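Here's a structure for you.
The values are calculated or read from the model by the stated rules, or taken from the named source; none is laboratory data. Source: prediction; values computed, not measured. Please note: Cβ atoms are built from the backbone with ideal geometry, for glycine as well, and neighbour counts cover all protein chains shown.
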Amino acid sequence: MALLGLAAREQPHSSLNVDKASPATSVAGADSRRASTAPASLHEFESALSQLVQRRFPSLRSVLISPSFVVYTCLTLAGMLRLALLLVQLGPMLHYHFSGRLDSDATIERLSGLASLCFLTSLVFSPACGCLVDRLRKAWLPPLLPLSFAVSSPQLHLRSLAASTDPRPTQLASAVYWLSLTPLLPPAIASALLATLVSALCFFPSLPGFYALLLSLAAMRSCLYTFSLAYLISAFPLEMYGRVYAAFSFIYGLVALLQYSVLRLSVPTANIICLFLAVSMFAPPFYMGVQSWRSWGQLVAWQRTLGNSG
């Protein structure tokens, strides 16, 4: 509905009077208006999308009970918990895999120091992930504009309200909302893949495998934090950023207490639990992908309906 209000303020009042013009003139005018406005309305679309998010989440309670917050919490919570569990488990795992080898003490000490240095690779991974998200948004939003124009055009909105068979404008606004989050799918999927790779490498007691584990862990950390911050800014109102993040931090603080119970478990048992935790990270991006696919179908069908009725 925020998209409707913004477009209504941008269009002149004379464009809403479609009854005085002939059908051919009105259809041609609507087509030319869509062709001339859509490519140049990316900034307006971003602004309208921000208003849509604000109206979608008028209060903190509406955020906390929304599927969007569940997606954010499940993926970020599982990823951060997997990262914390590995750091807690790193010492016992090194002793379990390398204690029986020649110069085991020196090897364990060297690998422990290398684990700390490996996080410096985040200086490379983090900017790369951020640039990837920005490029995906720039490549994804322009093709979305013609499909979302049915939501932002007041003329088409009035036509949709008059036709009982058309989808509700709120459904179309929801479709645009989920499609705007589609550029965040790659870092979400990458986080799940890298977390699974890290968990799988924990079962192999080899030096090359441990080096690959550390690099995968650093890349997973960068992808996870990139997704977390970008999703928090894009999916929820900016004025609620602090409260939403505080609510998530409170939930994570409670769940993070479970990491101390891992120290009581054997290394193979802890690795199996962490592997299941990493695999569960695929559920949020799968839900996002399904929502994006359905939303794209809704907007395409809506555009075809408008074309046939015009």
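Restricting to the range 148-179, and then to whatever is among the hydroxyl-bearing types (Ser, Thr, Tyr) and surrounded by fewer than 24 Cβ atoms within 10 Å (Cβ to Cβ), can you tell me which residue is modelled with the highest pLDDT? Lay out the reasoning, then the answer.
The first filter runs over the range 148-179 and keeps only residues among the hydroxyl-bearing types (Ser, Thr, Tyr), leaving 148, 152-153, 160, 164-165, 170, 174, 177.
Then keep just the ones that are surrounded by fewer than 24 Cβ atoms within 10 Å (Cβ to Cβ); that gives 160, 164-165, 170, 174, 177.
Numbers: 160: 43, 164: 37, 165: 45, 170: 70, 174: 83, 177: 87.
Once the filter is applied, the top-ranked residue is 177.
Now for a separate question. So, residue 282, is that one over 21 Å from residue 182 (Cβ atoms), out of contact with any Asp or Glu (no Cβ under 8 Å at 6 or more places or on another chain), modelled with pLDDT of 90 or more and assigned to a helix (DSSP H, G or I) or not?
On the way: over 21 Å from residue 182 (Cβ atoms): no; out of contact with any Asp or Glu (no Cβ under 8 Å at 6 or more places or on another chain): yes; modelled with pLDDT of 90 or more: yes; assigned to a helix (DSSP H, G or I): yes.
Answer is no for this residue.
This table checks each residue for (1) in a helix (DSSP H, G or I); (2) under 30 Å from residue 48 (Cα atoms); (3) modelled with pLDDT under 90.
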| position | (1), (2), (3) |
| --- | --- |
| 229 | yes, yes, no |
| 239 | yes, yes, no |
| 242 | yes, yes, no |
| 250 | yes, no, no |
| 272 | yes, no, no |
| 287 | yes, yes, no |
| 297 | yes, yes, yes |
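Do the conditions hold for residue 81, that is, is it within 23 Å of residue 224 (Cβ to Cβ) and modelled with pLDDT of 85 or more? If you could, list the steps in order and put the result at the bottom.
Numbers: within 23 Å of residue 224 (Cβ to Cβ): yes; modelled with pLDDT of 85 or more: yes.
So residue 81 passes the test.
Let me ask something else. If residue 2 passes every condition in (1) surrounded by 16 or more Cβ atoms within 10 Å (Cβ to Cβ); (2) modelled with pLDDT under 80; (3) touching a Pro at 6+ places or on another chain (Cβ under 9 Å) but one, which one does it miss?
Every listed condition holds for residue 2 apart from (3).
So is residue 221 within 24 Å of residue 134 (Cβ to Cβ) and of a type in the set (Lys, Arg) or not?
Working: within 24 Å of residue 134 (Cβ to Cβ): yes; of a type in the set (Lys, Arg): yes.
Spelling it out, residue 221 is indeed within 24 Å of residue 134 (Cβ to Cβ) and of a type in the set (Lys, Arg).
Which one of 256, 247 is of a type in the set (Gly, Ala, Ser), in contact (Cβ under 8 Å) with a residue 60 or more places away in the chain and more than 23 Å from residue 58 (Cβ to Cβ)?
On the way: 247 fails: more than 23 Å from residue 58 (Cβ to Cβ).
None of the others qualify; the one that does is 256.
Here are some conditions: (1) more than 21 Å from the chain's Cα centre (by Cα); (2) buried (at least 22 other Cβ atoms within 10 Å of the Cβ). Residue 203 meets all but one. Which one does it not meet?
With (1) more than 21 Å from the chain's Cα centre (by Cα); (2) buried (at least 22 other Cβ atoms within 10 Å of the Cβ) applied to residue 203, the lone miss is (2).
Let me ask something additional. Hey, any hits in the range 73-86 for a residue that's without any contact (Cβ under 8 Å) to a residue 24 or more places away in the chain and out of contact with any Pro (no Cβ under 7 Å at 6 or more places or on another chain)? Write out each step before concluding.
Of the residues in the range 73-86, the ones without any contact (Cβ under 8 Å) to a residue 24 or more places away in the chain are none.
Among the residues of the range 73-86, not one is without any contact (Cβ under 8 Å) to a residue 24 or more places away in the chain and out of contact with any Pro (no Cβ under 7 Å at 6 or more places or on another chain), which makes the answer no.
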